[in-house]
Amino acid sequence: MKTIIKVDKIVKVFGNTVVLYDIDLEIKVGEIFGVIGSSGAGKTTLLNALIGFIRPEKGDVLFRGEYLKSHSHELFTSVYKRTLDIKKAFGFASQHPSLYPNLTVEENLDYFASLYGIPKGRKKRNMKLLLDLMDLTHARKRLVSKLSGGMQRRLDIACALIHDPKVLILDEPTADLDPYLRNHIYKLIKKISRKGTTIIIASHNLTEVEQLVDRIGILNKGKLLRVGTPNELKRKLLKFEQIRIQTFPGKYETISRKIKSSMVERIENTGSELVIYTMSPEKVIHDVLHAIEECKEKLIDLKTLKGTLDDVFIKLAAQNITRMRKQVIKKKG
């Protein structure tokens, strides 16, 4: 698969704070790539660097020349050069929709199309296609101020797509939306991806994004800790599966002491359930059920879970914080 964007060891500093540290990254043509991290990790800064909105102190962001509107003979072009062509190659929808509330849905699309100088015939076709894709045809004459939050989010994505960009960047596209609307946005993203658009999503919600993206990059305190598919990262970083049980009346400490299997790595009592970590859940379950029976507890629920991206992120973030503390101590010493 071809690389469409190369991030080459970029460093970004605001004041005395280093926001991005030596970010090295390649994004492939047609993939859905997730930039995952908590608030303040540097996600939005990275997105702004990808599109050329902000210039790093060191390093560069390179875009594949053949995907520029006016074809480039260079294999890769810096996003800080040929800025007009670069802007036409990207669509950007921020966390907070950038719409005009006193214009209608159609008028907003028409305005954003005019910014790119799209010919009338093509503009009309694109508007119709996007209104249908985003399920907004019925609301095309409605003022944006009268739209729901979910409809505004869909319109904002439509405006970012009006000029047929090669890359669509979405910053927290489902923030503040209820589960139904989040699911609607995810379905739209998959539809857009099937048309061949490369999509980059920044999010702090790992569980939801896990089923959507092809690959993810985990960002923590400005450092890109790992890149890979969700399954690759879980396989490499999480050794144990979980057995979660709920019993009544819930004497979990007593049950813990009764579980003797040597294949149990550790046991956690959360108060509402018992979590057993093991590499062989199918073999340990028998011992767990025997312990419950011995304690004369009633089994309410039992389930086995593989590790999640949340577990991956927590592990990597903890390792990164430990590493940073050691570096500080070393400098002081």
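The values are calculated or read from the model by the stated rules, or taken from the named source; none is laboratory data. This structure is a prediction, so every number in the text was calculated from the model and none was measured. So basically every Cβ, Gly included, is an ideal-geometry build from the backbone, and we count neighbours across all protein chains shown.
The table below lists the values:
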{"item": "Criterion: of a type in the set (Gly, Ala, Ser) and free of Cβ contacts under 8 Å to residues at least 12 places away in the same chain - qualifying residue of 117, 91", "result": "117"}
{"item": "Residue within segment 111-118 that is surrounded by 21 or more Cβ atoms within 10 Å (Cβ to Cβ) and closer than 19 Å to residue 182 by Cα present", "result": "no"}
{"item": "Single condition residue 40 does not satisfy, out of (1) surrounded by fewer than 15 Cβ atoms within 10 Å (Cβ to Cβ); (2) within 18 Å of the chain's Cα centre (by Cα); (3) at pLDDT 95 or above", "result": "(3)"}
{"item": "Residue 201 assigned by TED's automatic domain parsing to the domain that holds residue 96, among the β-branched types (Val, Ile, Thr) and either under 17 Å from residue 307 (Cα atoms) or crowded, with 18+ Cβ neighbours inside 10 Å (or both)", "result": "yes"}
{"item": "Test: residue 186 is touching an Asp or Glu at 6+ places or on another chain (Cβ under 9 Å), of a type in the set (Phe, Trp, Tyr) and either over 22 Å from residue 42 (Cα atoms) or not assigned by TED's automatic domain parsing to the domain that holds residue 152 (or both)", "result": "yes"}
{"item": "Candidate set: segment 120-164, residues that are among the acidic types (Asp, Glu) and free of Cβ contacts under 8 Å to residues at least 60 places away in the same chain; chosen: the one surrounded by the fewest Cβ atoms within 10 Å (Cβ to Cβ)", "result": "132"}
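Yes/no matrix, rows are residues, columns are (1) within 30 Å of residue 35 (Cβ to Cβ); (2) surrounded by 12 or more Cβ atoms within 10 Å (Cβ to Cβ); (3) touching a Pro at 6+ places or on another chain (Cβ under 8 Å):
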{"position": "243", "(1), (2), (3)": "no, yes, yes"}
{"position": "251", "(1), (2), (3)": "no, yes, no"}
{"position": "263", "(1), (2), (3)": "no, yes, no"}
{"position": "270", "(1), (2), (3)": "no, no, no"}
{"position": "290", "(1), (2), (3)": "no, yes, no"}
{"position": "302", "(1), (2), (3)": "no, yes, no"}
{"position": "311", "(1), (2), (3)": "yes, yes, no"}
{"position": "317", "(1), (2), (3)": "yes, yes, no"}
{"position": "326", "(1), (2), (3)": "yes, no, no"}
